[in-house]
Amino acid sequence: MLQFGIDLGGTKTEIIALDAEGNTHLRQRIATPSHDYYAIIDAISGLIQQAKSDCHTTDFSLGIGIPGAISPATGLIKNANTTCLIGKPFQHDLQHALQHEVTLANDADCFALSEATDGAAAGYASVFGVILGTGCGGGIVIHGQLLNGPNAIAGEWGHNPLPWLSEQDHANPCYCGQHGCIETFLSGPGLQRHAMTLTGIELSVPQWQQRALTQDRHALAVFDYYNHCLARALASVINVLDPAAIVLGGGLSNLPDLYHEVPRRWQSWAFSDSINTPLLPAHHGDSSGVRGAAWLGAQAARQVRNYA
């Protein structure tokens with residue numbers, strides 16, 4: 001049986017087909033019709049039908065990573081950046097369209113599962129996976145299994161307040177309705193906003209990265225502040241979860257000196273005499289989310305077989 005995974009993003013939707021050893025048999029990307037709920041259903045259905053044809057199979061598991069979560073209270077989608085999904089019975093509608101079981105999880109959960117299964121954190125007993133990009137998400141994997149809490153928000157560290165605030169920190173409003181969330185500091189838009197406050201210069205994240213490579217003093221100050229914020233945020237995770245490994249993904253996970261500077265700094269806030277948690281870059285890069293979705297579907301299929 002092949003393992004199909006789909007990563008539903010705001011701009012692109014990707015499908016992958018893996019075998020049990022993690023070898024890729026198919027991978028394809030299309031643009032996401034992100035403002036049309038039923039067009040998303042149709043797009044995913046088309047990808048699945050094409051994958052079945054190309055792989056010459058009707059025997060597959062299916063997991064899908066989404067930019068949101070299923071509400072345990074209603075069964076409808078909540079907290080989705082692709083807002084046309086909010087309030088919709090997405091899992092039900094997909095299963096009806098595909099006539100196949102579908103397992104859904106947050107895209108950050110899929111990222112964490114991927115890196116814990118056969119990525120940078122393979123073999124670690126507990127993994128906190130972080131996506132630093134347009135938003136700031138997280139997922140928790142314990143002994144190879146995603147941690148699913150009763151509220152479907154395990155790992156949502158981005159919507160806790162940045163801890164140990166100083167006069168340098170400006171608690172900006174977050175789309176969630178709160179102020180000073182970690183996401184408003186560590187996401188791409190957050191970095192740009194705080195860089196503007198710090199330097200008076202308005203640049204994109206790639207432009208700041210390019211300036212840092214030339215040792216530009218403004219860029220070095222921007223990333224020094226970013227590392228300071230990330231160290232505080234991850235120290236609070238270590239204090240609560242004490243993960244065996246932390247893996248970073250997303251566009252901001254490639255910032256200069258991050259993997260050296262953040263562990264050096266988080267010791268100041270973590271409640272221990274020494275911190276042995278490795279901070280790791282994702283092994284599978286931008287393929288990690290879709291691979292995690294495939295592993296997610298495979299795990300769900302195994303559980304069904306075991307109960308049968």
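The values are calculated or read from the model by the stated rules, or taken from the named source; none is laboratory data. If you're wondering where the values come from, they're calculated on a predicted model, not measured in any experiment. In this analysis, Cβ positions are derived from the backbone assuming ideal geometry, glycine residues included, and neighbour counts consider all displayed protein chains.
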Please enumerate the residues belonging to region 243-256 that are outside any strand (DSSP E or B) and closer than 14 Å to Trp157 by Cβ. Pro243, Gly250
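Surrounded by fewer than 19 Cβ atoms within 10 Å (Cβ to Cβ) and at pLDDT 95 or above - does that describe any residue in region 105-112?
Here is the first cut: in region 105-112, the ones surrounded by fewer than 19 Cβ atoms within 10 Å (Cβ to Cβ) are none.
Scanning region 105-112, I find no residue that is surrounded by fewer than 19 Cβ atoms within 10 Å (Cβ to Cβ) and at pLDDT 95 or above, so the answer is no.
Could you please find all residues in region 257-308 being among the aliphatic types (A, V, I, L, M) and outside any helix (DSSP H, G or I)? Walk me through how you get there before you give the answer.
Let us first name the residues in region 257-308 that are among the aliphatic types (A, V, I, L, M), namely 258, 262, 270, 275, 279-280, 282, 290, 293-294, 296, 298, 300-301, 304, 308.
Once the filter is applied, which keeps residues that are among the aliphatic types (A, V, I, L, M) and outside any helix (DSSP H, G or I), region 257-308 yields Ala270, Ile275, Leu279, Leu280, Ala282, Ala308.
For Ser61, state whether it is in contact with a Gly (Cβ under 9 Å, 6 or more places away or on another chain) and either among the hydroxyl-bearing types (Ser, Thr, Tyr) or in a loop (DSSP other than H, G, I, E, B) (or both).
Criteria met by Ser61.
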Where residues in region 115-136 are closer than 16 Å to Glu183 by Cα and among the β-branched types (Val, Ile, Thr), which of them is surrounded by the fewest Cβ atoms within 10 Å (Cβ to Cβ)? Thr134
Check whether at least one residue in region 126-141 is part of a loop (DSSP other than H, G, I, E, B) and modelled with pLDDT of 95 or more, and report yes or no. no
Restricting the first residue to region 16-38 and requiring it to be in contact (Cβ under 8 Å) with a residue 60 or more places away in the chain and surrounded by 15 or more Cβ atoms within 10 Å (Cβ to Cβ), which pairs with a second residue that is of a type in the set (Lys, Arg) and not in a helix (DSSP H, G or I) meet a Cβ separation below 8 Å and a spacing of at least six or different chains? Ile16/Arg27; Ala17/Arg27
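For every residue, the table says whether it meets (1) surrounded by 17 or more Cβ atoms within 10 Å (Cβ to Cβ); (2) farther than 21 Å from Pro163 by Cα.
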{"position": "Val240", "(1), (2)": "no, no"}
{"position": "Pro243", "(1), (2)": "yes, no"}
{"position": "Val247", "(1), (2)": "yes, no"}
{"position": "Leu255", "(1), (2)": "yes, yes"}
{"position": "Ser272", "(1), (2)": "no, no"}
{"position": "Ala294", "(1), (2)": "yes, yes"}
